[in-house]
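Structure first, then comments.
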Amino acid sequence: MIGLQILIDGFAISSLYGVAAVGFTLMFGVCGVLNLAHGGIMVIAGLIGWWAAVNHSAGPYGGAVIGILAGLIASYVTYFAVVRPLQKSRAIPPEEQEIFILTGTLLWGIMIQVGLDYLFTNNPVTMQALIPGVMHIFGVRTPRNEGLIAVVCWAAIGALYLLVNKTPVGKQLLAASINPRGLTLLGFELSHIYLIVWTVYGLLAGLAGVLLATFFGVSSANAGSLTASAFTIVILGGLGSVPGSLIAAYVVGYAETITAYLIAPTLRPIPALLILVIALYIRPQGILGRR
Amino acid sequence: MHHPFTHRLLLLASVAACLAWLGPQPALAQRDNGPIKIGVVSEFAAVVGEAIAKGAELAAANINAHGGINGRKLEIIAYDDHSSAAEAVRDFQRLAEQDHVSAIITTFISEVALAIEPWAARLHIPTLTPAAASNLISKQVHDRYSQYKYMFEGWFPSPILAQSVCDSSRDTLVKELHLSTAAIVSEDADWTKPLDATYEKCLPKAGLKVVDFVNFNPDTTDFTPIFNHIEGKNPNVMIMGIAHVGVQPTAQWYSQRVPIAMAGINAQASNNTFWKDTNGATEGVITQTGSAPGVALSPTTLAVQKAYVDKYHNFPAFTGFTAYDGTMAFAEAMKRANSTDPDKVVAEMEKTKFEGSVGHYEFYGRTDEFTHALKYGPGYATGIFVQWQNGKQVCVWPTDKCTNKLEFPSFVKLPQ
């Protein structure tokens, strides 16, 4: 019984971790950008979605759509106001560009958090479940919303798979992740490809933020830890590898759930960190890393 | 020749001179006709912390409208500590040494209050926390009175909070609904340790057998395993001790339809935004708090509630009222002492006796267990218990002031 409970509970959480992490890893793989404002963007989506649903009677679905759009807008703002100027700057030597972007997005993430503190206070909020009620899966009482989260997450991941592997745009993304210079030599505009990645990223981060808000609730105070957990998963999976991040999301999700059920809920965050440390010793490139 | 005695005397004299130079000089620092300043150190981004600054401001406006403190205006200087102990101590020092405040109202977090307490002692600043509940705060005043006497608690230490939970549970859950078993569910924090210890002692006396005890990390986001574990023990009610978390466990309790009533202290549920924050998941949740709209706990309650809502357009967390009362207590003490001298203010604070917005307002004395904390009991402040019903907090305890009946959502299973 408890095994089944762990299986069901862990699946929903891991799927959510997966969606939150694939955008992050795609961004690094294709654009070489580690976006440390990631958690902030997710929180924006959750808070705006909640605010629209509760204070402007957008309803749970309207709120979810507005939340995802807010994530997309936040992603564009991050790109155009923070990342793009650093990429274009001639004052920054190319070999230092990554560290500048890292610092830039870190500071931007802090600004987002302080801004949200001011607008929404740091009080956590939860969005209304998209489908209310509970269902019984082999006797385990599960909120229907948890099932929906798993389905939506896998639909999003499936859509991403189709986009990357079955469309011309996806081929450009793959090419950009392997050899951006070669792609420019073939006459493709890199900034165009980057914009597509930021769009996909914004939608995924927005979706993850909204689903998170319906599941656990969000608060501006979560921004840092959300970035950190996406970071952990992405490092474990192999920086830039989308399938690696998905596997890592399940490893981390289940390790946490098993710990919470069988050892103590308090120790929940510990196994992910242990696994990360061990992985860095024996396989520093991560599960499916290229290097 | 050496004269060890003279040397030692010289050394002592110079140490004494240094100490005199470094020591607190608040009486000299403030001119006698300028405004009297009271400092506030709190976290403005938190609903509970924001209300502290606003409650103090409201009290100052009221005092100034009635002639100030013996003719001198009262001014509030508020700093944001982001609930960091290190920042709070810096703010406290700045208020004391640069702004020359005569008293400070600070924080709802016990860890922060405990970091500030020694500074109140060192700098001789009468200080009041309107919500921090660790019993160590009053214990230090009790054990080392001459040093720590500057610290006051304008609300209840956790053992008293726990006692009020037991008293209200006996009157409502046990007498009216015939519940007989409880699980204690609390976050791991300074304020809950004494709370849990008192729960374990007083719940059985109130008629609730404790069948489970869960203490969890305040960073917990997924409460499924915790509820799952508790359900296995089959209690009638979960007696909570949570403040750092609140929205998540409540929302998940509802979304998972956990069939156990939720009562005790769910501090975030005392905020009037909680219904929106949880999308109504809080329906049926009972919590201890200090105030609810329209519940008159003393002759002054309703007037203060109205003044607050008129000024800030929302109904505050209970700290809005405890900070208001604390500021009033300081102002009255300074008025009676006709001085801002810290020792005189402390002596007068100890004689405080007035109708505060949260009830009859007096502090425990030097020989009581909870020195300088707010007195609890019939005839004094008691706090109240509210239950969320259809989007509103309705008062359910003390039963002499609140006559509402308890109602629970249908998924909560009560003994027949």
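Out of the chymotrypsin sites (Phe, Trp or Tyr not before Pro) in the stretch A:111-163, which ones are loop residues according to DSSP with at most 13 other C-beta atoms within 10 Å?
Here the sparse-neighbourhood loop sites are A:PHE138.
With contacts defined as alpha carbon pairs under 8 Å and 6 or more residues apart, what's the relative contact order of chain B in percent?
17 percent
How big is the dipole moment of chain B about its Cα centre under a simple scheme where the beta carbon of each Lys and Arg is +1, that of each Asp and Glu is -1, and everything else is neutral? Debye, nearest 20, please.
Dipole of chain B, to the nearest 20 debye: 740 debye.
What part of the accessible area of the stretch B:139-297, given as a whole %, is carbon or sulfur when the probe is 1.4 angstrom?
Answer for the stretch B:139-297 is 48 percent, counting heavy atoms of protein chains only.
For chain B, take the longest principal axis of its alpha carbons; what is the angle in degrees between that and the long axis of helix B:158-169, to the nearest 10 within 0 to 90?
Roughly 30 degrees between the two axes.
For the stretch B:219-238, state which residues have at least 30 Å² less accessible area in the presence of all protein chains than in their chain by itself, taking the probe as 1.4 Å and leaving out ligands, DNA and RNA.
Correct list: B:THR221, B:ASP222, B:THR224, B:PRO225, B:ASN228.
How do B:LYS205, B:LYS54, B:LYS392 stack up against each other in accessible area, from largest to smallest, with a 1.4 angstrom probe?
B:LYS205, B:LYS392, B:LYS54
So what is the accessible area of the stretch A:2-282 per residue, in Å², with the probe set to 1.4 Å?
42 Å²
I need two numbers for the stretch B:110-200: Rg to one decimal and Dmax as a whole number, Cα atoms only, in Å.
In Å, with Rg to one decimal and Dmax whole: 15.8, 52.
Using only protein heavy atoms and a 1.4 Å probe, report how much of B:ARG90 is accessible, in Å² to the nearest 10.
Approximately 140 Å² for this residue.
Once the stretch B:160-253 is represented by equal point scatterers at the alpha-carbon sites, with solvent omitted, what log10 I(q)/I(0) does the Debye formula produce at q = 0.19, 0.25 Å⁻¹?
Scattering profile of the stretch B:160-253, log10 relative to I(0): -0.88, -1.35.
Checking the cross-link filter: which lysines have an alpha carbon closer than 20 Å to that of B:LYS276, excluding same-chain neighbours under 8 positions apart?
The qualifying lysines are B:LYS392.
Once the piece of chain linking B:LEU302 and B:SER84 is laid out straight, how much longer is it, given 0.36 nm per residue of separation minus the C-alpha distance between them?
75.1 nm
Roughly how tilted is helix A:223-237, in degrees to the nearest 10 and between 0 and 90, from the longest Cα axis of chain A?
70 degrees
Looking at chain B, send over the antiparallel percent of its DSSP beta bridges, to the nearest 5.
Around 30 percent of the beta bridges assigned by DSSP in chain B are antiparallel ones.
Mind checking the per residue accessible area of chain B for me, 1.4 Å probe, whole number of Å²?
For chain B, the solvent-accessible area averages 39 Å² per residue.
Can you give me the angle between helix A:59-77 and the longest principal axis of chain A, using Cα atoms only, in degrees from 0 to 90, rounded to the nearest 10?
Long axis of A:59-77 versus the principal axis of chain A: about 20 degrees.
Provide the solvent-accessible area of B:CYS402, counting protein heavy atoms only and rolling a 1.4 Å probe, rounded to the nearest 10 Å².
Accessible area of B:CYS402: about 10 Å².
Considering only protein heavy atoms and a probe of 1.4 Å, how much of the accessible area of the stretch B:329-416 is carbon and sulfur, as a whole percent?
46 percent
Using the reciprocal of the averaged 1/r over all distinct C-alpha pairs, how large is the Kirkwood radius of the stretch B:59-132 in Å?
In the stretch B:59-132 this quantity evaluates to 13.0 Å.
From Cα pairs below 8 angstrom and at least 6 apart in sequence, can you work out the relative contact order of the stretch A:2-282, rounded to a whole percent?
37 percent
Just to verify a number: what accessible area does B:GLU407 come out at with the full protein assembly present, 1.4 Å probe, Å² rounded to tens?
90 Å²
Got a sec? What order do B:ASP143, B:ASP196 fall in by accessible area at 1.4 Å, biggest, i.e. largest, first?
Correct descending sequence by accessible area is B:ASP143, B:ASP196.
Over the stretch A:2-282, what percent of the accessible surface lies on carbon and sulfur atoms, probe 1.4 Å?
It is 73 percent, rounded to a whole number.
Only Cα pairs within less than 10 Å get springs; with that Gaussian network setup on chain B, which residue of B:ASN236, B:ASN33, B:ASN314 has the largest fluctuation?
Taking springs between Cα atoms under 10 Å, the residue moving most is B:ASN33.
Which residue fluctuates most in the GNM of chain A (Cα springs below 10 Å): A:GLY62, A:GLY202, A:GLY224?
Greatest mean-square fluctuation among the candidates belongs to A:GLY62.
Compare each residue of the stretch A:201-241 in its chain alone against the assembly with all protein chains, and report those whose accessible area goes down by 20 Å² or more; 1.4 Å probe, heavy atoms.
Listed in order, they are A:PHE215, A:PHE216.
Go through B:GLY246, A:THR126, B:THR300 and say which Cα lies farthest out towards the positive end of the charge dipole of the protein assembly as shown; charges sit on Cβ, +1 for Lys and Arg, -1 for Asp and Glu.
A:THR126
Give me the base-10 log of I(q)/I(0) for the stretch A:162-291 at each q in 0.09, 0.14, 0.16 Å⁻¹, Debye formula, one uniform scatterer per Cα, rounded to two decimals.
With no solvent term, the Cα-only Debye profile gives -0.35, -0.78, -0.96.
What is the interface area between chains B and A, defined as buried accessible area summed over both chains with a 1.4 Å probe, reported in Å² to the nearest 100?
2500 Å²
Based only on Cα atoms, what mean projected area does the convex hull of the protein assembly as shown have, in nm²?
That works out to 38.9 nm², a quarter of the Cα hull's surface.
Which whole-number percent of Cα pairs in the stretch A:2-282 have a distance greater than 28 Å?
Considering the stretch A:2-282, 36 percent of its Cα-Cα pairs are separated by more than 28 Å.
Under a Cβ-only charge scheme (Lys and Arg +1, Asp and Glu -1), can you give me the dipole magnitude of the stretch B:283-343 about the Cα centre, in debye to the nearest 20?
Rounded to the nearest 20 debye, it is 180 debye.
Compare each residue of the stretch B:242-268 in its chain alone against the assembly with all protein chains, and report those whose accessible area goes down by 50 Å² or more; 1.4 Å probe, heavy atoms.
B:GLN248, B:GLN256, B:ARG257
The values are calculated or read from the model by the stated rules, or taken from the named source; none is laboratory data. These numbers were taken from a predicted model, which means no experiment stands behind them. With ideal geometry, Cβ positions are generated from the backbone for all residues, glycine too; neighbour counts draw on all protein chains shown. Keep in mind that these areas ignore ligands, DNA and RNA; they rest on the heavy atoms of the full protein, side chains included. Shrake-Rupley method; radii C 1.70, N 1.55, O 1.52, S 1.80 Å.
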